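Enquirer: Input: one structure, supplied below.
The values are calculated or read from the model by the stated rules, or taken from the named source; none is laboratory data. Given the structure is predicted, the values throughout are model-derived calculations rather than measurements. Positions of Cβ are generated from backbone atoms using ideal geometry, with glycine treated the same way; all protein chains shown enter the neighbour counts. Just the protein is used for accessible areas: all its heavy atoms, side chains included, with ligands, DNA and RNA removed. Shrake-Rupley method; radii C 1.70, N 1.55, O 1.52, S 1.80 Å.
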Amino acid sequence: MQSKFYVDVGTRIREARERSGLNQREVADACGINRLSIGRIEKGKKNASLMTIGRLALALKVPPAEFFIGVEPDTALLVPAPRVNARPRAKAEIPKTGKAGLRKSATSKVP
């Protein structure tokens, strides 16, 4: 499900881009990101990182806060997104020899 928050922020970014007279390719080149990513951000289908928000603001010559004016948080943001292709992580095993054993194994020479 697409969050209204991302859609609203993306709309603000698109409006700023259109006001600047730049197309998606020009903004993407100025930001160093893929043009398709710009389109997905503008449609609310991709979450832009803070670094990307900063780059967009610089390229469009607007303060980053402009992308959030009038945007309300969405309660859907409180629900954790399902992890895609998540693999179970193995727990690291810590030797039960205590600190002395750890120091010894860290300084031991491998044959």
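Enquirer: Between LEU50 and GLU15, what length in nm is gained on full extension when 0.36 nm per residue of separation is reduced by their alpha carbon distance?
Expert: Full-extension gain reported as 10.7 nm.
Enquirer: Once R0 is set to 22 Å, what does the formula 1/(1 + (r/R0)^6) return for the Cβ-Cβ distance between LEU36 and ASP74, expressed as a FRET efficiency to the nearest 0.05?
Expert: After rounding to 0.05, the efficiency reads 0.35.
Enquirer: THR75 accessible area, nearest 10 Å², 1.4 Å probe?
Expert: So the heavy atoms of THR75 present about 110 Å² to solvent.
Enquirer: On to the next question. Could you look at the stretch 1-82 and say what percent of its accessible area is carbon and sulfur, using a 1.4 Å probe and all protein chains?
Expert: In the stretch 1-82, the share of accessible area belonging to carbon and sulfur is 58 percent.
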